[in-house]
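Asks: First the structure, which I've put down as structure tokens, then a few questions once you've had a look.
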Amino acid sequence: MKILYVSSHDLVGQQFNGYLLMTGIRERGIDARMFVHNPQEDRPGVLYHPTSKGRVLLNRGLSGLEKLLSLWAILPIHSLDIRNNDFYKAADILHLQLIHASQFFSLLSLPKMGAEKKLLLTLHDPWMLTGHCVHPMACERWKIGCGKCPDLARPFPIHMDTTAFTWRLKKQIMERANIHLVVASEWMDQMVASSPILSHLPRSIIPLGLDTEVFRPRSKDECRDELGIPRDAFVIAFRGVPFSPFKGVEYIESALAGLPADKSIYLMLFDSKGLMPDLIERYPALELGWLSDSEKIAKALSAADLFLMPSLAEAFGMMAVESMACGTPVIVFEGTALPSVVRAPRGGIAVASKDADALRSAIEVLMNDPARYNDLVRDGLEIVRQEYTIEKYISRHLDLYSEMTT
């Protein structure tokens, strides 16, 4: 069996963009490669060949035109380069991952690829269901054809309302494409089931997996010593993602501002620095910035007592699973994939969406109830071992590939 994966990135987001899946399958002796639009470095199995400088410039020009026309993933031409690649021609399975995270792939290629190969597409978010946005949030116009978009600025932003046209184009393409969908959560599966664009297509639920040799409970004291965090602090970790309408940063800020000004509370911020000056003035904090090294992420999560992930939109929520795997309980908002992914109330606590008071109350429960806290740690670790190991992730894909090729 020969398998070709396609994604915009390799090492950035490797937990979910197909890179870890590709390397794990190669370790099992199967010939797997990955076409990457933005490779970080030269690695075994990673293909990148923009054939000529002229084609790179042409793709760049078409991408610029696409933005002017308020379109996305329609005009780029690098999907033609993929089809001309020798390994593509020899491959039995073509598995598309993040094909819309940057401008290189045209959805117009899908019917032809589906006729040439056993074709799979993993949906990492609901973008394929909508006329332009990555997450529709409370808007349900994606169920009736979009148009009259209430928020053109939401990622991916557009400057004129082409959502009805894009929605119809996606529907026409997917009606002609022989393609098998993969989703990572029950929540995403329900979204697809409600989509006029995608509901007719076969699909499988395969939860994401992680390396439990990396993401595992470590000595909290040793991790804190390494990071310069007091051993006796109660460390609350979260992602600080500026300008994102999806991550619920404002609710974290409001919830933490309502906690007592207790010197034992210590904050740990992933991703951004300088995002919450008022909170950092109130509590001691460690701003980690963007981390791409899995070992460093695992040590930081092991050093924390609690991880907050009150996303307003989430199709899976990998960092919540990573936290559980490190023995650190999570608190999430309802209304996304996260409550089912963490198996709330067993592996984490889910509270009402956009309710900062409920978020603060859940924090206080885990600060003051050791029995409840320990139950979450124990059950979270068990859930990860049962559902979210990289071994299960690879095996489930290989089972699906075998079904599709026999």
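The values are calculated or read from the model by the stated rules, or taken from the named source; none is laboratory data. Computed from a prediction, not measured in an experiment: that's the story for all the values here. Cβ atoms come from the backbone with ideal geometry, glycine included; neighbour counts cover every protein chain shown.
Asks: Using beta carbons and a limit of 9 Å, which pairs, at least six apart or on different chains, have the first residue in segment 313-326 and over 16 Å from Ser302 (Cβ atoms) and the second one basic (Lys, Arg)?
Replies: Filtered contacts from segment 313-326: Ala313/Lys247; Glu314/Lys247.
Asks: Show the residue pairs that are 6+ apart or on different chains and have beta-carbon atoms under 8 Å apart, the first residue being within segment 1-13 and surrounded by 24 or more Cβ atoms within 10 Å (Cβ to Cβ), the second being acidic (Asp, Glu).
Replies: Final answer for the pair search is Ile3/Asp31; Ile3/Asp92.
Asks: Further question: Report, by residue number, each residue of segment 367-406 that is more than 30 Å from Lys2 (Cβ to Cβ), in contact with a helix residue (DSSP H, G or I) (Cβ under 7 Å, 6 or more places away or on another chain) and crowded, with 20+ Cβ neighbours inside 10 Å.
Replies: Gly380, Val384
Yes/no matrix, rows are residues, columns are (1) within 24 Å of the chain's Cα centre (by Cα); (2) part of a helix (DSSP H, G or I); (3) touching a residue at least 40 places away in the same chain (Cβ under 8 Å); (4) under 23 Å from Asn17 (Cα atoms):
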residue	(1), (2), (3), (4)
Leu57	no, yes, no, no
Gly61	no, yes, no, no
Trp72	yes, no, yes, yes
Pro76	yes, no, no, yes
Leu80	no, yes, no, yes
Ser102	yes, no, yes, yes
Gly114	no, yes, yes, yes
Thr122	yes, no, yes, yes
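Asks: Can I ask one more? Restricting to segment 13-49, count the residues that are outside any strand (DSSP E or B), hydrophobic (A, V, I, L, M, F, W, C) and in contact with a helix residue (DSSP H, G or I) (Cβ under 9 Å, 6 or more places away or on another chain).
Replies: 5
Asks: Hey, Ser219 hits all of (1) under 13 Å from Pro126 (Cβ atoms); (2) loosely packed, with under 14 Cβ neighbours inside 10 Å but one; which does it fall short on?
Replies: The number of the failed condition is (1).
Asks: Could you look through segment 50-70, keep only residues that are over 14 Å from Ser102 (Cα atoms) and touching a helix residue (DSSP H, G or I) at 6+ places or on another chain (Cβ under 6 Å), and pick out the one that is surrounded by the fewest Cβ atoms within 10 Å (Cβ to Cβ)?
Replies: Thr51
Asks: Anything in segment 354-366 that is touching a residue at least 12 places away in the same chain (Cβ under 8 Å) and either of a type in the set (D, E, K, R) or crowded, with 18+ Cβ neighbours inside 10 Å (or both)? List them, or say none.
Replies: Passing the criteria: Lys354, Asp355, Ala356, Asp357, Leu359, Arg360, Ala362, Ile363, Glu364, Leu366.
Results for (1) touching a strand residue (DSSP E or B) at 6+ places or on another chain (Cβ under 9 Å); (2) among the small types (Gly, Ala, Ser); (3) modelled with pLDDT of 90 or more; (4) crowded, with 22+ Cβ neighbours inside 10 Å, shown as yes or no for each residue.
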| residue | (1), (2), (3), (4) |
| --- | --- |
| Arg28 | no, no, yes, no |
| Asp42 | no, no, no, no |
| Ile77 | no, no, no, no |
| Leu94 | yes, no, yes, yes |
| Leu108 | no, no, yes, no |
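Asks: Conditions first: (1) over 19 Å from Leu208 (Cα atoms); (2) surrounded by 24 or more Cβ atoms within 10 Å (Cβ to Cβ); (3) of a type outside the set (Val, Ile, Thr). Cys326 passes all but one, so which condition is the exception?
Replies: Condition (1) is where Cys326 drops out.
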